[in-house]
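Notes follow once the structure below has been shown.
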Amino acid sequence: MRSALKMIAPNVGSVAAEVAYPKGSIVVCHACGVPLYRLVGSIWFSEKTSNTGWKYAPVSMADLQTLMERRDLDPGIRAAIKLWSPERQRQHCERIPMLKNGELPNCPSCAQPFVYALTSQGPEGKSEFTDRAYVLQLATIPPVGKARPLTLVGGRA
Ligand SMILES: [Zn+2]
């Protein structure tokens, strides 16, 4: 009986636990919530932003269409996109700048920064911002099938 119970432990791999934002996530603006980028590579915890610019692909019309059709999302997100005319959607996609490594342009929709960049604290509480070892706080829509909070397994059975 006891061994059978252990077999229903959550199937969380150790690798998955270190991914901050999985490949396929849609990055939305922190300030206004519009979808901006699709991650074409997973972003890992503590990964330096100077290496990750290539992972942000501006969302396409197809990405917006996919978002509107997803049933696992907050209805508010889908409704907001549906309010846009196809022309408005196209304009939005065209205005999203490509990310250069280490650069974070403002949101083309609301002109606010689309991420929060937090300084990471060194062992003595010193800011390491100048080292670019800061942590980006992205607002994202997880890829299909991952739209639920990652369960962190605290204790051992
Ligand atoms: Zn915005």
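For F45 and E94 in the same chain, what is the full-extension length gain: residue separation times 0.36 nm, less their Cα-Cα distance, in nm? Don't skip to the end; give the middle numbers.
Numbers: separation 49, 0.36 × 49 = 17.64 nm, distance 2.97 nm.
Fully extending the segment from F45 to E94 adds 14.7 nm.
Name the residues whose placed amide hydrogens come within less than 5 Å of the amide hydrogen of G24, ignoring near sequence neighbours (fewer than 5 apart) on the same chain.
Amide H to amide H, under 5 Å and 5 or more residues apart or across chains, G24 pairs with L39, V40, G41.
Ordered by residue, what ³J(HN,Hα) values in Hz, to whole numbers, does the range 68-84 give under the Karplus form 6.51 cos²θ - 1.76 cosθ + 1.60, where θ = phi - 60° and Gly and Pro are x?
5, 8, 6, 8, 8, 9, 4, x, x, 5, 5, 5, 4, 5, 5, 5, 7
Read the figures in this text as sums done on the coordinates, not as results from a lab. Bear in mind that the values here come from a model prediction, so they are computed numbers and not experimental data.
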